[in-house]
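Asks: Okay, handing you the structure first.
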Amino acid sequence: MNLREYIGEIPDFPKPGILFYDIAPLVRSTLAWNYAMNTLKEEVLPLGPDVVAGIDARGFLVGVGLSAKINLGFLMVRKKGKLPGKTITEKYALEYRNDELEIQSGILEKNTKVILVDDLLATGGTAAASVRLIEKSGAKVVGCAFLVELTDLKGRKALGDVPIISLLKVK
């Protein structure tokens, strides 16, 4: 299946000069979505994760879909101020703003193996901050998985030696 047919392109969103890759058509298609989740499942299982973590907000869609396929729990990596109780925070810079991510304190046991997922890998800033955040909790990120990777932005470099899975690579 050609997943590229299910990824929309929205120019100048969220600001002029940015080309937004929209996963809404993929999520809307039962056939394409199941194909994507089954393919991710096959790629992720050899990494031996204990839990799936998804990055706020589109990573939640991918993460919950994948966690259901591989029968693992799901962890939300949220933007600051969205989680109740005590949290662990990580600051980071994006290509067009600064932000902070959080997970709930104590939600992961030490040495828990985490697969981190999101819809898209661009510069890698958000994913790298999420990896640091998860590892700050004492867990271990065994890999990152994305539906789309924008290869020209070299986001893989920001993730160092963390194994990376991407279903669709776009220049």
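The values are calculated or read from the model by the stated rules, or taken from the named source; none is laboratory data. Bear in mind the structure is a predicted one, so any value in this text is a computation, not a measurement. Heads up, the Cβs are rebuilt from the backbone with ideal geometry, glycines too, and the neighbour counts pull from every protein chain shown. Just the protein is used for accessible areas: all its heavy atoms, side chains included, with ligands, DNA and RNA removed. Shrake-Rupley method; radii C 1.70, N 1.55, O 1.52, S 1.80 Å.
Asks: Here are labelled values, (1) 14.6, 41; (2) 17.9, 53; (3) 15.2, 43, and one is the computed Rg and Dmax of the Cα atoms in Å for what I pasted. Which one?
Replies: Given (1) 14.6, 41; (2) 17.9, 53; (3) 15.2, 43, the structure-derived one carries the label (3).
Asks: Roll a 1.4 Å probe over the protein chains and send me the accessible area per residue for the chain in Å².
Replies: 50
Asks: Oh, and also: Using a 1.4 Å probe on the protein chains only, how many percent of the accessible area of the chain belongs to carbon and sulfur?
Replies: Roughly 51 percent, rounded to a whole number.
Asks: Could you name the aspartates and glutamates whose alpha carbon sits less than 20 Å from that of LYS154, not counting residues in the same chain fewer than 8 places away?
Replies: GLU9, ASP22, GLU95, ASP118, ASP119
Asks: Near LYS110, which lysines are there with a Cα under 25 Å away, not counting those fewer than 8 places off in the same chain?
Replies: Partners within reach: LYS41, LYS69, LYS79, LYS80, LYS82, LYS86, LYS91, LYS136, LYS140.
Asks: Can you give the local net charge around ALA32? Use residues other than it whose beta-carbon is closer than 14 angstrom to its beta-carbon, Lys and Arg +1, Asp and Glu -1.
Replies: -1
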